[in-house]
Amino acid sequence: MTARTVLANPLVAVAIVRPGEAAGVRDFHRSLPGYAPTPLVDAPLLAERLGVASVHVKDESSRLGLPSFKILGAAWATFRALAERGAGAPAGLDELREQLSGAGLTLVAATDGNHGRAVARMAALLGQSAHILVPRDMVPARIAAIRDEGAEVTVVDGTYDEAVAASGRLADATHVVVSDTSWDGYVDVPGWVIDGYRTIVEEVLEQLADAGLPAPTVVVAQMGVGAFATAMIRGFAPHGARIIGAEPTEAACVLESLRAGALVHLDGDIDSIMAGLNCGTPSPLAWPDLVAGLHDVAAVTDADAEDAMRALAEVGVVSGESGAAGLAALLAHGPALGLTEHDRVLVVSTEGATDQHAYDRIVPAELRESR
Ligand SMILES: Cc1ncc(COP(=O)(O)O)c(C=O)c1O
């Protein structure tokens, strides 16, 4: 367990942030059924609380029909991975579905919730099957949501990291692993997942420009394996933004890795309520970007996340435990993070109420009704 603390990254060197490959991703997302940019909410109430010039909240509670941003990465990675199995370069999802007709493929993914649900949705859209592996502490509501997408779900007797290892062992001629984290020899798919998240960056920059506003000076990114933060680093650091990472105190694997100067694997059970962030190992693919691009990493408690869920509800954003972790870091550690009255802050609320029962317990009815 890491202390509720902030670590200033001594190695930050934005100049060597890798650009990634965003070309084609946005057009692909635009072609998906139900695509629309998610709202960017101006939140003066939060700006006042943090003592900064402005706070904008990118609200990912409804993205392509699912309650988290994860479908952006899962969709692009699935498309790229399966396009290689089809009968030639498909122009889009419809053509790929035709090419794969009768292929009998199964998409495999480990998840602590949102990624697996998104992969299951992609399998259904492409007429293929999905097998999703989840850690033993996954709450029933999140398992049911994945099964409702038509996927087979296996509860692995272990942590998220053990589910990832088990998913990798299932790869064969008809089982295609679509993982958001990487390992030795498995980097293409997780690389496409990171590229897929860049659509958020492009939308935010467009939305700010439409409002006559410049790029943010501070972006906070909650981290599980660090793929999402990597996309934020690659997209916003070149605009001069300072990127702050946020992790649960129980799963601060990036913070501990930066402290150690090398990748650290956290052992034992990790069961913060921020389920999507309960990862014990950063993605090795993301690691160089995290080292180069994170200014600070803040560790937050479950209570911090709950406070931030309520703060987001007050400005009309429904945010789940993991979704609120970035704001939690700013609320809990603002002064230590050096926020100033000149900062224009971007918070990405990366999920909605993915466990409705918990949401209703944490966020009082009067705040829920203020929407
Ligand atoms: C809601 C939510 N936010 C943030 C993250 C963190 O993303 P990453 O694992 O790429 O760091 C996740 C991961 O599952 C998530 O579900």
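The values are calculated or read from the model by the stated rules, or taken from the named source; none is laboratory data. Small disclaimer: the values here were computed from a predicted structure and weren't measured. Glycine gets a Cβ as well: all are built from the backbone with ideal geometry, and neighbour counts include every protein chain shown.
A few comments on the model shown:
- Matching residues, region 199-232, being in contact (Cβ under 8 Å) with a residue 24 or more places away in the chain, surrounded by fewer than 24 Cβ atoms within 10 Å (Cβ to Cβ) and not hydrophobic (A, V, I, L, M, F, W, C): Glu202, Glu203, Glu206, Gln207, Pro214, Thr217
- Matching residues, region 276-300, being more than 13 Å from the ligand (Cβ to nearest atom), of a type in the set (Gly, Ala, Ser) and surrounded by fewer than 24 Cβ atoms within 10 Å (Cβ to Cβ): Ala292
- With respect to the conditions (1) away from the ligand (no atom under 16 Å from the Cβ); (2) assigned by TED's automatic domain parsing to the domain that holds Ala332; (3) at positive phi; (4) of a type outside the set (Lys, Arg), Gly226 lacks only one, and its number is (1).
- Scanning region 283-316 for residues that are among the hydroxyl-bearing types (Ser, Thr, Tyr) and more than 18 Å from the chain's Cα centre (by Cα) yields a total of 1.
- Selected residue (criterion: modelled with the highest pLDDT) from residues of region 233-280 that are within 19 Å of the chain's Cα centre (by Cα) and basic (Lys, Arg): Arg242
- Residues of region 31-73 that are more than 16 Å from the ligand (Cβ to nearest atom), hydrophobic (A, V, I, L, M, F, W, C) and closer than 30 Å to Met122 by Cβ: Leu32, Ala36, Leu40, Val41.
- Residues that are away from the ligand (no atom under 12 Å from the Cβ) and among the small types (Gly, Ala, Ser), drawn from region 164-184: Ala165, Ala166, Ser167, Gly168, Ala171, Ala173
- No other residue among Ala305, Ala336 is surrounded by 18 or more Cβ atoms within 10 Å (Cβ to Cβ) and not aromatic (Phe, Trp, Tyr) apart from Ala305.
- Count - residues of region 245-290 that are of a type outside the set (A, V, I, L, M, F, W, C) and part of a loop (DSSP other than H, G, I, E, B): 13
- Test for Asp27: is it within 21 Å of the chain's Cα centre (by Cα) and at pLDDT below 95: yes
- The residue pairs whose first member lies in region 31-51 and is more than 16 Å from Thr199 (Cα to Cα), whose second member is of a type in the set (D, E, K, R) and surrounded by 15 or more Cβ atoms within 10 Å (Cβ to Cβ), and whose beta carbons are closer than 6 Å, counting only pairs six or more residues apart or on different chains, are Val41/Asp59.
- Which listed residue, of Arg361, Arg344, is closer than 18 Å to Met274 by Cβ and at pLDDT 95 or above: Arg361
- Hits in region 211-223 - residues which are in a loop (DSSP other than H, G, I, E, B) and more than 11 Å from the ligand (Cβ to nearest atom): Ala211, Gly212, Leu213, Pro214, Ala215, Pro216, Thr217
- Taking the listed residues Gly168, Gly196, the one that is at pLDDT 95 or above and more than 20 Å from His131 (Cβ to Cβ) is Gly196, with no other qualifying.
- Screening Gly113, Gly127, Gly102, Gly88 for residues that are within 14 Å of the ligand (Cβ to nearest atom) and at positive phi leaves exactly one candidate, Gly113.
- For Leu346: the one exception among (1) over 15 Å from Phe228 (Cβ atoms); (2) surrounded by 24 or more Cβ atoms within 10 Å (Cβ to Cβ): (1)
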